[in-house]
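The values are calculated or read from the model by the stated rules, or taken from the named source; none is laboratory data. Predicted, not measured: the structure shown is a model, and the values here were computed from it. All Cβ positions, glycine included, derive from the backbone under ideal geometry; neighbour counts span all protein chains shown. In case anyone asks, the SASA skips ligands and DNA or RNA and just uses the protein heavy atoms, side chains included. Shrake-Rupley method; radii C 1.70, N 1.55, O 1.52, S 1.80 Å.
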Amino acid sequence: MSRVGAKNLELSESQEEKPRIDTFGKVTGKTAYTEDLPDLHGMVYAAMLSSPHAHARIRSIDSSKARRIPGVLGVLDRDNLEGLNPVRALPRNLWKLPDDQPFMAIDKVRFEGEIVAAVAAEDLRTARSAVESIEVEYEILPPLFDAAKALDPQAPILHESKGTNLVLEDNLGWGDVEQGFKEADHIFEDAYTSPFMFHHPMEPIGVGIAQFANDEITIWTPTSSPFVNGQEVAKFFDLDPDQVRIRVPPIGGHFGSKAITNSMLAAIILSRRTGRPVKLVPTIGESFRMNARHAMVYKARVGVKKNGALTVLDVEILSDTGAYTTAAQIATHNMVVGSRGAYRIPHFRVRARCVYTNKVPAGHTRATGQVQSTWGVECTMDNVARKIGMDPFDFKRKNVLQRAELVADKTLPLDTDYFELIDKAIGAIDWDGRATPKSRADGAAARAPRLARGKGLSVSLRPGGGVTGGDRTYAMVTMDSQGMVKVQHNAPDPGQGTHNLFGIIVSKTLGIPQSQVQVGPADTIWKLPFSGVIAQQTTVQMGNAVKNACDNLKQDLIGVACQTKGGKPEEWQLVGGHLCLAEASFSFADVLQPMGEGGTVKSIGFYSPPLRKERSPYGGVSHWSPGAAAAEVEVDRETGEFRVLQFSVVVDAGRALHYRSAKSQMQGGAIMGVGHALFEEEIYEEGQLLNGDPFQYRLPLMRDIPQAFYALMVENGDGPGPFGSKGMSQTSIVTVAPAIANAIYDALDIRVQSLPITPEKILRALGKLD
């Protein structure tokens, strides 16, 4: 690998770096996930009855047989809610949309898998047996699975009270698109679609333990946002937030899927009724019906000058949120802000509509909304370049935003160099960015070899450091009399090494070995606000809060040193993990031990995203999170089968605080992107989700990953996070599908316009299948 990227990679990997603090437990199987936790005293088990229909009216529910089964302690359905409002409040509803999702079906079911009833029993087998005995009479209604038909006057209405299947509209733009088309020498139109897909974490979605006792709720569950979820649960049960405690064990995969589910709300109610803790362990099939990624249709009309300069981009987006709103507003808005890509566009307009269908309600998914819109815009721009006879490399260098350019009105300037990212991406696969030469003579196709090779490039841009703005993040650090430091917080570790990162920040800031740092689990008992491990904001927001707490702790330590050793604050210095007064040097323990065994110091730190006087559609951006990718493919013209021979992805990490963790995040994101690009989709037919189980839903295997697989980082130390770091954990996933699709176009001169890319679709594009 004689490439610039390879040299930088080797230098970075040679740095001394300790393994992650959670490595041993996970590789030996000793880590206890939620399902592994020991049973609480009096533990009972819950099971859910889910609708087998995608759209039906509930005529009646008869649970009398279930109630008579020995060992059954409680049954919950619409007929015995005891006055509880069944409609779940929407989390972080920026658009103030009305709540539309009951935690349990009331009048009708709107997707296959919607909860109709719940049972608590002495053991799981009894609970599931009781669920099967519940009799429900349905009136089957016509299902709606096609988002394009959702707004047809003849389409079935999912929410009759709304009178429409339109959930929301969103838009963004600047300039004058009509003027932009007048200025263009060429105008092109394109359309691309992304399907529903499943997060597929190894740990089931919705697993948890709920205990409701003495008007207080305690929940053990793998959620990404315990502090926010605690407030939601308190609101649902009309409690004070201090009456709800959420404890987060290690998480077995996340990708946006882990939150307080409707089934967990049912488990909490069953705990209140039975007076006993309730454990809920959904099956993988049930997990498939709890969350999904939004589907999207991206239609673009582009104007470009003869020299390749873009003049205008006009986009229409159709977003499919499934049966309920859930994350519709955030996902659709992310599609909107991501629809222009990383390009300098004088005249721009995007109009988006989001609709209901009878699919599983779609929530947050890794790089929410950005995966779909990047697929659309990057394939569109590659098409434009090739149709005007311009190499994709030259087209991107001409049109991508450059460092210090304003991304949009009221936002931060771009803080990265796309030329550097692109050069590293194409250099890693020994490519100069030029289109593969092809003969245009008559009969060339007939003489072409059966196997064709091509290379493709893609770039991406998304807001970094969180997109909410205004939320303060808090962390607390405590040092005991032995000099040991404990970090308390509300940032779970979904697997990317979050807690290891905090240990590194404490170690670097205080100058102590990481072995002297303990990072506690996320637990709302500490009352430390944090919006959650979402939108790759944790490094910047919680990382800075931890560092700020350590900086404050330094001042507290100096104050204690003045008490126990003398001197004035200005005479003390903290050097290399020691407190120094003139020629004397003291360990932290030396300073604290005279205070006795109870001698501890603690400090709270915080971080606030940048606030701007005028609201930006991009949210509270602390930095930008760009990426680039390049792929080489080999395609069989006769069968449509293809292989990804080489793939490289490059991101701007600012500074990788733990290189191997950061690289693993890039690799994992890219592999997930391969799944999205080549295999993953939820298939709905005949009123059902056909592949909602791990045996039918195809994920990438090791043989699907190219041997030449490069994950590279640019580290200029210019990020807003601790020590110049940036958020980058979601960056590598978004560029994979368009890079592969663009490489296939380079090989065959055909465009696959829907994901996943399959041999059948390639043959259809070649005209070999009807």
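Tally Lys and Arg at +1 and Asp and Glu at -1 over the other residues with C-beta under 9 Å from the C-beta of residue 352: what net charge comes out?
Around residue 352, the surrounding residues sum to -1.
Just to confirm a number: summing +1 for Lys and Arg and -1 for Asp and Glu over residues other than residue 188 whose beta-carbon lies under 9 angstrom from that of residue 188, what do you get?
Combined, the nearby Lys, Arg, Asp and Glu give 0.
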Among 563, 510, 427, pick out the residue whose Cα is farthest towards the positive end of the charge dipole of the stretch 419-568, where Lys and Arg carry +1 and Asp and Glu carry -1 on C-beta, about the Cα centre. 427
How large a share of the accessible area of the stretch 635-770, in percent, is made up of carbon and sulfur atoms when the probe is 1.4 Å and the other protein chains stay in place? 47
Treat every Asp and Glu Cβ in the stretch 245-361 as -1 and every Lys and Arg Cβ as +1, leave all other atoms uncharged, and give the resulting dipole magnitude about the Cα centre to the nearest 20 debye. 220
Assigning unit charges at the beta carbon (Lys, Arg +1; Asp, Glu -1) and nothing else, what dipole magnitude in debye, to the nearest 20, does the chain show about its Cα centre? 880
So what is log10(I(q)/I(0)) for the stretch 177-333 at q = 0.12, 0.16, 0.17, 0.18 1/Å, when the Debye sum runs over its Cα atoms only? -0.64, -0.89, -0.97, -1.05
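By how many nm would the segment from residue 708 to residue 187 grow when fully extended, if each residue of separation counts as 0.36 nm and the alpha-carbon distance is taken off?
This chain segment gains 183.8 nm when fully extended.
Using the structure shown, list the pairs from 279/602; 396/438; 65/279 with a Cα-Cα distance above 29 Å, or answer none.
279/602
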Tell me, what HN-Hα J-couplings in whole Hz come from the Karplus equation 6.51 cos²θ - 1.76 cosθ + 1.60 at θ = phi - 60° for each residue of the stretch 655-663, using x for Gly and Pro? 8, 7, 6, 9, 4, 5, 5, 5, 5
Once P(r) over Cα pairs in 10 Å bins from 0, in percent is worked out from the coordinates, which option in (1) 3, 11, 18, 20, 16, 11, 8, 6, 4, 2, 1, 0; (2) 3, 13, 22, 24, 19, 12, 5, 1, 0, 0; (3) 2, 10, 16, 17, 16, 14, 10, 7, 4, 2, 1, 0, 0, 0 does it equal? (2)
Computed from the beta carbon distance with a Förster radius of 60 Å, FRET efficiency for residue 41 and residue 580 to the nearest 0.05 stands at 0.70
Search the structure for amide H atoms under 5 Å from the amide H of residue 646, placed 1.01 Å from N in the peptide plane, and list their residues when 5 or more places away or on another chain. 632
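222 nm [θ] for the chain, helices only, -39500 (n - 2.57) per DSSP H run of 4+, per residue, to 500?
Taking each H run of at least 4 residues, the total per residue is -8000 deg cm²/dmol.
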Any idea of residue 643's accessible area? Nearest 10 Å², probe 1.4 Å. 130
Roughly how many debye, to the nearest 20, is the charge dipole of the stretch 701-770 about its Cα centre, given +1 on each Lys and Arg Cβ, -1 on each Asp and Glu Cβ, and no other charges? 180
Per residue, in Å², the accessible surface of the chain once ligands and nucleic acids are set aside, probe 1.4 Å: 39
Can you find, among 105, 315, 389, the residue sitting farthest towards the positive end of the charge dipole of the chain, where Lys and Arg contribute +1 and Asp and Glu -1 at Cβ? 389
Residue 645 versus residue 430, label points 7 Å from Cα toward the beta carbon: distance in nm? 0.9
Of 531, 491, 187, which is farthest on the positive side of the dipole of the chain, counting Cα position, with +1 on Lys and Arg Cβ, -1 on Asp and Glu Cβ, and the Cα centre as origin? 187
Could you compute the FRET efficiency for residue 453 and residue 235, with r as their C-beta to C-beta distance and R0 at 56 Å, rounded to 0.05? 0.50
For the stretch 107-124 and the stretch 561-578, write down the distance between their C-alpha centroids in whole Å. 62
With DNA, RNA and ligands ignored, accessible area of residue 431 (1.4 Å probe; Å², nearest 10): 30
Let's test the formula: R0 of 56 Å, r as the Cβ-Cβ distance of residue 718 and residue 636. What FRET efficiency results, to the nearest 0.05? 0.80
Round to a whole angstrom and tell me the spacing of the C-alpha centers of the stretch 277-332 and the stretch 165-181. 17
Can you give the extra length, in nm with one decimal, that the chain gains between residue 571 and residue 690 once fully stretched, where that is 0.36 nm per residue apart less the Cα-Cα distance? 35.7 nm
